[in-house]
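The values are calculated or read from the model by the stated rules, or taken from the named source; none is laboratory data. Model, not experiment: these values are computed from the prediction. Ideal geometry is used to build each Cβ from the backbone, glycine not excepted, and the neighbour counts take in all protein chains shown. Side chains are part of the model used for accessible areas, which takes the heavy atoms of the whole protein and leaves out ligands, DNA and RNA. Shrake-Rupley method; radii C 1.70, N 1.55, O 1.52, S 1.80 Å.
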Amino acid sequence: MSGRGLLEGQVALVTGAGGGIGCGIATRFAQEGAAVVLHCRTAVAAAREAASRIRDSGGRALVLRADLTDEDECRRVVAEAAEWGDGRLTALVNNAGVQPTRELPGMTVAEWRAVVDTNLSSVFACTQAAAEVMRQQDGGGSVTHIASIEASRPAPLHAHYSASKAAVVMHARSAALEYGPFGIRVNTVSPGLIHREGLEEAWPEGVRRWERAAPAGRLGRAEDVGDACVFLASGLASWVTGHDLVVDGGVSARPTW
């Protein structure tokens, strides 16, 4: 695998690794030397393909399938990842999430809970399970939640999503306080608009607006998010915890007046 070996010797679990961002994170972790567990729920073929590419490049990878809205499944995935890592789990990236659209006045409690359970409750349960492993090993570990710039900048039809991501940011800060004494760092990465296949065709005006608004002049790439996660899991970030790292090409710096 190409890279600088920033995560050499680490064992990492990336949730939602069958999607574009999760796959990009898992790939970057492997390139930097980590053995990677790729979790998926429905995108099994995509996760297996990513794992195969990692192995073909000389890395180690395992695919685990689970529904992370179930607390027991969260604990099972973490336990199996640690077992595969010979009892160690040094990094967790909570990336699994959903982003449906729904107007707030017509939203049902069931629709609200479906987003909150996937985007927030799974983060709580996976982090709690991973911390139990990390606190018992030398060196502790790192946990990174994938939040969003929508945690502070809401968008129409995304009330449930924005609320869940804002809560993810605050969970990380709270967890940084409580898990810090055990050598566990907890941070968030908040991406802006990330390219995915077919996005330009499905939402051309939105993409054009983003590119005009972003000082960097482009959409983000999954690898951009992966780079941020690699940094936070590496020794370069040994004194970084409770932080929200925004990865949005500078959109958040744009004046709103």
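In the range 230-250, the residues that are touching a residue at least 24 places away in the same chain (Cβ under 8 Å) form Cβ pairs under 6 Å with partners that are among the aromatic types (Phe, Trp, Tyr), at six or more places apart or across chains, as follows: Ala237/Phe231.
Just one residue in the set Gln99, Gln128 is over 19 Å from Gly22 (Cα atoms) and under 20 Å from the mean Cα position of the chain (by Cα); that residue is Gln128. Of everything in the range 214-230 that's of a type outside the set (A, V, I, L, M, F, W, C) and under 18 Å from Glu200 (Cα atoms), which residue is surrounded by the most Cβ atoms within 10 Å (Cβ to Cβ)? Only one residue tops the list, namely Gly220. When the residues of the range 155-178 are filtered to those that are aliphatic (A, V, I, L, M) and either free of Cβ contacts under 8 Å to residues at least 12 places away in the same chain or outside any helix (DSSP H, G or I) (or both), the one that is least open to solvent (accessible area, probe 1.4 Å) is Ala155. Show me the strands (runs of 3 or more DSSP E) entirely contained within the range 18-117 in which 1 or more residues are open to solvent by 50 Å² or more (accessible area, probe 1.4 Å). The qualifying strands (runs of 3 or more DSSP E) are 61-65. For Thr188, indicate whether it is open to solvent by less than 80 Å² (accessible area, probe 1.4 Å), polar (S, T, N, Q) and assigned to a loop (DSSP other than H, G, I, E, B). The answer is no for Thr188. Cβ-Cβ distances below 9 Å connect the following pairs, each with a first residue in the range 82-103 that is touching a residue at least 12 places away in the same chain (Cβ under 8 Å) and farther than 21 Å from Ala228 by Cα, a second residue that is part of a loop (DSSP other than H, G, I, E, B) and charged (D, E, K, R), and a separation of six or more residues or different chains: Ala82/Arg88; Trp84/Arg60. Within the range 118-136, restricting attention to residues that are open to solvent by 30 Å² or more (accessible area, probe 1.4 Å) and among the aliphatic types (A, V, I, L, M), the residue that is nearest to Pro181 (Cα to Cα) is Val133.
Inside the range 231-253, residues that are at pLDDT 95 or above and open to solvent by 50 Å² or more (accessible area, probe 1.4 Å) make up a count of 8. Within the range 164-208, if we keep just the residues that are within 21 Å of Ser252 (Cβ to Cβ) and among the hydroxyl-bearing types (Ser, Thr, Tyr), the residue that is farthest from the chain's Cα centre (by Cα) turns out to be Ser164.
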